[in-house]
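J.: Structure in structure tokens, see below.
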Amino acid sequence: MELAQWKQSGHYFSYLERHPVFYQDSQSSLEPLVLLHGFPTASWDWHKIWPALSGKYRLVAPDFIGFGFSAKPFRYNYSIHDQADLVESLLQRLQLQQIHLLAHDYGDTVAQELLARMHDREGAGQEGLQIKSCVFLNGGLFPESHEPRPIQKALIGPFGLLLTPFLNRNTLEKNFKEIFGPGTQASSKEISEFYALIQHNQGKFVFHKLIRYMQERVQFRERWVRPLVEKVCPMRLINGPEDPVSGRHLAQRYQDEIPGADVVLLEGIGHYPQTEAPKEVIKQYFEFRDRFFEIY
């Protein structure tokens, strides 16, 4: 599917009654799988694995506010907690109460907040969204193991706003070359598609606000790591170890922190496993789900 077709076949809902948020929904009667994308891209990240996954699950994939084809208000307090509110609002709209999660990068952190909320509700004997399993791709699950790129460090600094006009396609291409695997580099077309999503609604001008999630990871580290350690649901990490941001070192930290951690390393793959090695990600995801059903 081409990017234009992805947009045309998508849907919108009004978040907080004023912000149009884009999402994809395969609209089947199958068990729901919610896909949460990373920074700085969008739900389009999932398009290579969408056809295979949609044969087994109902897929729902939003563009977070500030990303992709969703609204990108300049005067807005972007936060992981707010993005989790957005996901819950969408799922309530779609009347989905029990779901599975597949998340990447920024989406990992949103998933961690959703898991923490479920953990809180269960502790208080309250009902709400039930997450039946969660699979993470590369992302900053532990802030001390996250190695941000120089551009990310610059954006979160005091002059981040001043840098946004200089974030162009060449900047994106340079950074993606550094985080993809050596043999799985993004094509020129893919770079252009990723950049089109960033450019939509002048998205690069809110990057300095979106990037604050790195500070939130430190602030809420204990809250967001606790559900992983306590295994509030079956989990797996599928990791591209060539990723300098959250690759092999992150996978090792995950194994050190999580008792009996389920970790799959895709050798030669970098930060975007679903783009670089879609067939392997599908294989490992199906294997996880098949084993999950055998056990539970």
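J.: So for the chain: antiparallel DSSP bridges make up what percent, rounded to the nearest 5?
T.: Around 30 percent antiparallel, to the nearest 5.
J.: Quick check on packing: order 207-217, 119-129, 188-198 by the mean number of other C-beta atoms within 10 Å, highest mean leading.
T.: Descending packing order for the listed peptides: 207-217, 188-198, 119-129.
J.: Separate question: Give the accessible area for M1 in Å² (nearest 10); use a 1.4 Å probe, count only protein heavy atoms, and leave out ligands, DNA and RNA.
T.: Per-residue accessible area (M1): approximately 120 Å².
J.: Going through the cross-link list K174/K204; K174/K283; K48/K177; K56/K177, which pairs have a Cα-Cα distance over 22 Å in this structure?
T.: Flagged as over cut-off: K174/K283; K56/K177.
J.: Sticking with this one: Using a Gaussian network model on the chain with a 10 Å cutoff between Cα atoms, which of Q130, Q92, Q24 fluctuates the most?
T.: Highest fluctuation among the options: Q92.
J.: Which far-off residues, 5 or more places away or on another chain, put their amide H under 5 Å from the one on E31, with H placed in the peptide plane?
T.: R58
J.: Give the long-range amide H neighbours of Y15: residues separated by 5 or more places, or on another chain, with amide H under 5 Å away, using H modelled in the peptide plane at 1.01 Å from N.
T.: V21
J.: What translational diffusion coefficient, in µm²/s and rounded to a whole number, does the Stokes-Einstein relation yield for the chain at 20 °C and a viscosity of 1.002 mPa s, taking the hydrodynamic radius as the Kirkwood radius over Cα pairs?
T.: 112 µm²/s
J.: Any idea what diffusion coefficient segment 81-174 gets from Stokes-Einstein, in µm²/s, Kirkwood Rh on alpha carbon pairs, 20 °C, 1.002 mPa s?
T.: After rounding, the answer is 137 µm²/s.
J.: For the chain, with a Gaussian network of springs between Cα atoms less than 10 Å apart, report the residue from Q202, Q27, Q83 with the top mean-square fluctuation.
T.: Q27
J.: Please report the relative contact order for segment 200-296, taking Cα pairs under 8 Å with a sequence separation of at least 6, and give it as a percent rounded to a whole number.
T.: Rounded, it is 23 percent for segment 200-296.
J.: Continuing with this model, one more query. Using DSSP, restrict attention to beta bridges with both residues in segment 9-98 and report what percent are antiparallel, rounded to the nearest 5.
T.: Bridges in segment 9-98 that DSSP calls antiparallel: roughly 75 percent.
J.: Take the alpha carbon gyration tensor of segment 43-102, find the square roots of its eigenvalues, order them as a ≥ b ≥ c, and report rounded if a/c is under 1.5; if not, report prolate when a/b exceeds b/c, else oblate.
T.: Since a/c reaches 1.5 but b/c is at least a/b, the shape of segment 43-102 is classed as oblate.
J.: Next up: Gain in length, Y12 to S188, computed as 0.36 nm per residue apart minus the alpha-carbon separation, to one decimal in nm?
T.: 60.5 nm
J.: Next question, about the same structure. Ignoring ligands, DNA and RNA, please state the percent of accessible area on segment 1-138 from carbon and sulfur, probe 1.4 Å.
T.: 45 percent
J.: Counting each DSSP H run of 4 or more residues in the chain as -39500 (n - 2.57), what helix-only mean residue ellipticity at 222 nm follows after dividing by all residues, to the nearest 500 deg cm²/dmol?
T.: -12500 deg cm²/dmol
J.: Between segment 183-227 and segment 67-110, how far is it from one alpha carbon centroid to the other, in angstrom?
T.: Going from one Cα centre to the other spans 13 Å.
J.: Specify the residue with the greatest mean-square fluctuation among F39, F74, F166, computed from a Gaussian network of the chain linking alpha-carbon atoms under 10 Å apart.
T.: F166
J.: Also, quick follow-up: Relative contact order for segment 1-158: what percent, with Cα pairs under 8 Å and sequence separation of 6 or more?
T.: 21 percent
J.: Per the Kirkwood formula on distinct C-alpha pairs, the Rh of segment 158-252 is how many angstrom?
T.: 16.0 Å
J.: When only C-alpha pairs under 8 Å and at least 6 residues apart count, what is the relative contact order of the chain, in percent?
T.: Taking the mean separation of contacting Cα pairs over the length of the chain, I get 20 percent.
The values are calculated or read from the model by the stated rules, or taken from the named source; none is laboratory data. Small disclaimer: the values here were computed from a predicted structure and weren't measured. A quick note on method: Cβ atoms are made from the backbone with ideal geometry, for glycine too, and the neighbour counts reach across all protein chains shown. Please note that ligands, DNA and RNA were not included when accessible areas were found on the heavy atoms of the full protein model with its side chains. Shrake-Rupley method; radii C 1.70, N 1.55, O 1.52, S 1.80 Å.
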